[in-house]
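Beneath this line is the structure, given in structure tokens, with notes to follow.
The values are calculated or read from the model by the stated rules, or taken from the named source; none is laboratory data. What you are looking at is a predicted structure, and each value in this text was computed from that prediction instead of being measured. FYI the Cβ positions are ideal-geometry reconstructions off the backbone, even for glycines, and counts take in every protein chain you see.
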Amino acid sequence: MAGYKPKVISLNKRPGQTFGFYLRVEHGEEGHLIRCLEMGGPAELAGMKDGDRILRVNGTFVDGLPHSEVVDLVRNSGASVTFHILDEASYKQAKAQGVNLSNPQSTPIANGVAKQAPKPKLCYLVKSSSGYGFSVRSVKGEQGLFMTEVVPGGAADRAGVKTNDRILEVNGENIEGSTHDQVVDKIKLAGGSIMFLLVDEETDRYYQNKRMQIGAWLATTKYLPHKPRIINMTRAPDGYGFLLREEPNQTGHLIKDIDRGSAAERAGLKEMDRLFAVDGEEVEGCPHEVVVDRIRQSGNKCCLLVLDKDTDQQYKLGKVSPMLFWEEMKDSNSPPSYTEAINLPAAPVRPSTRFQERVELKPKLCKMEKTSAGYGFHLNGIQGVCGQYIKEVVKGGAADRAGLEDDDIVVEVNGVNVEQSTHEEVVAIISSSGNSLEMLVAKKSVYDQLKAKGVTITRLLLGETSYVQVHTADTSDDSREERHHEEARPETPTESARERTSSVSSSSSQETLWTSLLPI
């Protein structure tokens with residue numbers, strides 16, 4: 001984004017661990033704020049700072065979304081999540097200048113006209129028998145290293161390299177502070193291919209005059225030889241006709257088993273394409289089930305961003321997100337290059353692997369008896385936001401055997417609708433239920449679809465084929481432990497947080513100056 005450098009931070013957590021921060025919206029402050037970083041937690045170790053604003057979650061722009069939706073995006077990411085983050089000062093400055101934060105290529109509007117800023121360029125070189133076809137020069141007293149002696153028709157020339165281009169990055173690593181010999185060594189060690197981030201004299205001057213840092217997030221991808229593909233498909237009655245898999249020893253979500261004549265084949269999907277985004281939302285690092293749900297929830301049309309092996313290796317070499325290509329195509333005057341398959345037949349889908357299009361929109365009625373270890377699940381909620389969901393279902397526990405699953409949305413507890421109840425109210429109902437518990441729940445995808453159709457979720461939807469599992473466990477052990485503890489109960493704010501929000505009452509007032517997910 002013009003003049004501002006977002007940080008891209010990927011976090012991973014182990015089972016039972018959090019990402020190590022609190023996500024808040026605060027009175028008088030714009031954006032979704034990072035607060036209360038856990039010392040030594042994943043977030044702090046990755047470089048998050050107090051007051052940072054989250055702009056994107058797994059590629060989805062969230063700055064204007066309700067807090068609860070952002071929480072859901074993080075929650076549904078599973079054990080790994082990728083954030084685009086802007087520091088507090090830059091965020092406030094960008095807001096004051098009217099910068100469109102959703103567009104990394106945007107520039108401030110002057111006199112009603114947006115002037116497109118020049119862009120640095122990404123250049124991918126493959127060494128030929130005669131080498132790369134360029135030299136590197138540096139001038140005493142002049143900052144930077146520059147391309148020179150670019151051989152006409154050579155590898156560098158074909159890749160878009162020009163004489164006097166300044167080198168900013170080599171294979172995704174900034175070299176502006178490196179010596180001439182260090183950069184030459186990096187190039188020699190690169191092997192048979194290399195990715196440069198370069199800036200020509202005019203573009204360099206433009207950003208220096210504005211005192212703006214230049215990075216790959218500003219670059220054009222037009223010189224790169226291998227392009228991601230944007231695939232638009234219209235669903236046939238039997239689905240799209242492909243399988244999405246995760247392979248051992250391979251990262252990402254891979255396209256497999258494309259049916260002949262299917263929508264997927266006609267749209268240009270290829271075996272072993274790696275899926276990177278669904279409908280413009282990055283799915284890199286998302287759990288397999290989340291990606292499948294996103295495709296299913298696309299409705300009758302789905303847009304995929306995919307990469308073949310060569311394209312994938314190219315982008316990984318430069319440590320560049322393929323979403324840069326997506327944004328550039330989306331913002332260009334010319335439409336992206338894609339093919340569209342419409343209403344084509346597809347082979348029958350396979351349960352749990354192919355995308356079943358006729359999903360039963362039914363809740364689940366789960367009955368369970370408390371054991372000596374409790375019910376075996378956590379009830380999670382968000383302060384100030386109605387709606388409770390199930391987390392950390394213990395494998396083999398009472399809840400697991402009764403059919404509860406992680407991320408199920410709680411609709412009723414012991415026959416009482418709790419969709420508009422607070423977390424504390426739902427916990428109280430569960431606590432007063434004695435040794436048996438009955439919960440009407442729905443998978444999030446089912447819940448969202450039923451709500452979108454305006455359907456009231458009740459036991460009447462169960463019909464004759466309802467998913468009911470009844471588990472009666474031995475309850476002779478008197479020392480029972482309730483596992484449905486208040487996972488999302490707010491902690492007491494830290495001293496620094498009290499200073500930031502000094503007007504917050506320490507009493508149990510209904511009014512609060514922040515909404516928080518505790519902890520992430």
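Does the stretch 36-47 contain at least one residue that is modelled with pLDDT of 90 or more and not assigned by TED's automatic domain parsing to the domain that holds residue 330?
no
Residues are listed down the side, and each one gets a yes or a no for (1) under 26 Å from residue 279 (Cα atoms); (2) modelled with pLDDT of 90 or more; (3) in the same structural domain as residue 80 (by TED's automatic domain parsing):
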{"position": "202", "(1), (2), (3)": "no, yes, no"}
{"position": "207", "(1), (2), (3)": "no, no, no"}
{"position": "223", "(1), (2), (3)": "yes, yes, no"}
{"position": "237", "(1), (2), (3)": "yes, no, no"}
{"position": "243", "(1), (2), (3)": "yes, yes, no"}
{"position": "246", "(1), (2), (3)": "yes, no, no"}
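Kindly indicate which of 411, 426, 393 is more than 24 Å from residue 292 (Cβ to Cβ) and β-branched (Val, Ile, Thr).
Sole residue among the options that is more than 24 Å from residue 292 (Cβ to Cβ) and β-branched (Val, Ile, Thr): 426.
With the requirement that a residue be modelled with pLDDT of 90 or more and in contact with a helix residue (DSSP H, G or I) (Cβ under 7 Å, 6 or more places away or on another chain), what does the stretch 280-303 give you?
Result: 302, single match.
Take the residues in the stretch 292-327 that are more than 29 Å from residue 171 (Cα to Cα) and part of a helix (DSSP H, G or I), then tell me which one is farthest from the chain's Cα centre (by Cα).
296
Out of 74, 81, which single residue is touching a residue at least 24 places away in the same chain (Cβ under 8 Å), in a helix (DSSP H, G or I) and under 29 Å from residue 409 (Cβ atoms)?
Residue meeting the stated conditions: 74.
Looking only at the stretch 149-166, count every residue that is closer than 16 Å to residue 320 by Cβ and buried (at least 22 other Cβ atoms within 10 Å of the Cβ) and tell me the total.
Number of matching residues: 1.
Can you name the residue in the stretch 188-206 that is touching a residue at least 24 places away in the same chain (Cβ under 8 Å) and farther than 13 Å from residue 317 by Cβ and, of all such residues, is surrounded by the most Cβ atoms within 10 Å (Cβ to Cβ)?
Per the stated criteria, the residue is 198.
Condition first: under 20 Å from residue 215 (Cα atoms) and acidic (Asp, Glu). Now tell me which residues in the stretch 142-192 satisfy that.
165, 169, 173, 176
Does residue 407 count as in a loop (DSSP other than H, G, I, E, B), acidic (Asp, Glu), closer than 26 Å to residue 299 by Cβ and in contact (Cβ under 8 Å) with a residue 60 or more places away in the chain?
yes
How about the stretch 221-243: which of its residues are in a loop (DSSP other than H, G, I, E, B) and closer than 17 Å to residue 300 by Cα?
235, 237, 238, 240, 241, 242
Filter the stretch 114-145 for residues that are part of a strand (DSSP E or B) and either within 14 Å of residue 178 (Cα to Cα) or of a type in the set (A, V, I, L, M) (or both) and give the result.
114, 122, 125, 126, 136, 137, 138, 145
Take the stretch 28-69 and flag every residue that is surrounded by 22 or more Cβ atoms within 10 Å (Cβ to Cβ) and assigned to a helix (DSSP H, G or I).
Scanning the stretch 28-69 gives 42, 43.
Which of (1) touching a helix residue (DSSP H, G or I) at 6+ places or on another chain (Cβ under 9 Å); (2) loosely packed, with under 15 Cβ neighbours inside 10 Å; (3) under 30 Å from residue 167 (Cα atoms) is the odd one out, the single condition residue 246 does not satisfy?
Among (1) touching a helix residue (DSSP H, G or I) at 6+ places or on another chain (Cβ under 9 Å); (2) loosely packed, with under 15 Cβ neighbours inside 10 Å; (3) under 30 Å from residue 167 (Cα atoms), residue 246 violates only (3).
Looking at the stretch 219-278 only, could you name the residues that are hydroxyl-bearing (Ser, Thr, Tyr) and over 20 Å from the mean Cα position of the chain (by Cα)?
220, 221, 223, 234, 240, 262
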